[in-house]
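Following: one structure in structure tokens, then a few remarks.
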Amino acid sequence: MPARPVAPSAGGLGWANLGMDIVSAHRVRKLLAEHGEEFFTRMLGPGELADCRTSTGLDVLGLCGRIAAKEAAFKTLRVRNRFLPWLDIVIRRADGGWPLVELRRSAAVMAADSGITGITVSISHDVEYAVAVAAPITGDTTGPGSRPEPTTHSPPLRGVLARSAVRSPLHIPLVHSTVRRPPMSDGLQQIKDWILKRHTDREDIATDLDLIENRLIDSLSFVEFVFLLEQLSGRSIEMETLEVDAIRTLGAIESNFFCAEVK
């Protein structure tokens, strides 16, 4: 039998990794009501928020469209163990009204590593949902100067989710232990209850279940998750330096945020 064709590696010349995302206006309104406009400053820069502003406040569907566009653009990069760098993927409105994508700092480096020189995106709205589709622009990135050099303000390339709030960075060491765990702490129980409330199809969550791979925490809920984790742990969390493995499972969250020996 003839061999089946094998798709080329992602990111090569002539290869297009399409990205798509959909955002519910109901979900965004709920976040806006619960946390206020400040919540979205961790996801959109001042210019992006200004593009969504009207005389009566934020245009929720416009906000949904930009959130979906960032997620769709990030999906074209095909990277692993990275958080969506919200403030490094910038969606602005062109004079003609269509969206433009600007990749900064960590997003620009990820794009260069994937052989992508730019991203184009289209956004559509319909009553309660916004949908975005993104496609990469590929080119020869093997020549001198093709890879953008990180600036002195670039976040380290470990897994980044940009935020605008200025706080002292907190380094989260990864704790690995085979010692029998004590009963679940109150803080971790609240984290677990928070996740279960958003996934009513589940009755329980194993401590070693991958929360990221199973999409129990997605890009939009992650920002809200960090808000909650800061409150329950009593610590300020710099998302630019937060490693994916530090919050991948309930066990990891407990070890890295709620164990007494972790300072």
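The values are calculated or read from the model by the stated rules, or taken from the named source; none is laboratory data. Model, not experiment: these values are computed from the prediction. Note that we place each Cβ from the backbone using ideal geometry, even for glycine, and neighbour counts take in every protein chain shown.
Points worth noting:
- The lone exception for residue 59 - which of (1) surrounded by fewer than 21 Cβ atoms within 10 Å (Cβ to Cβ); (2) under 23 Å from residue 129 (Cα atoms); (3) modelled with pLDDT of 90 or more; (4) not small (Gly, Ala, Ser) it fails: (3)
- One residue from 241, 200 being modelled with pLDDT under 90 and touching a His at 6+ places or on another chain (Cβ under 9 Å): 241
- Residue 58 being hydrophobic (A, V, I, L, M, F, W, C), in contact (Cβ under 8 Å) with a residue 24 or more places away in the chain and in the same structural domain as residue 99 (by TED's automatic domain parsing): yes
- Residue 66 vs. criteria in contact (Cβ under 8 Å) with a residue 60 or more places away in the chain, within 19 Å of the chain's Cα centre (by Cα) and in a helix (DSSP H, G or I): no
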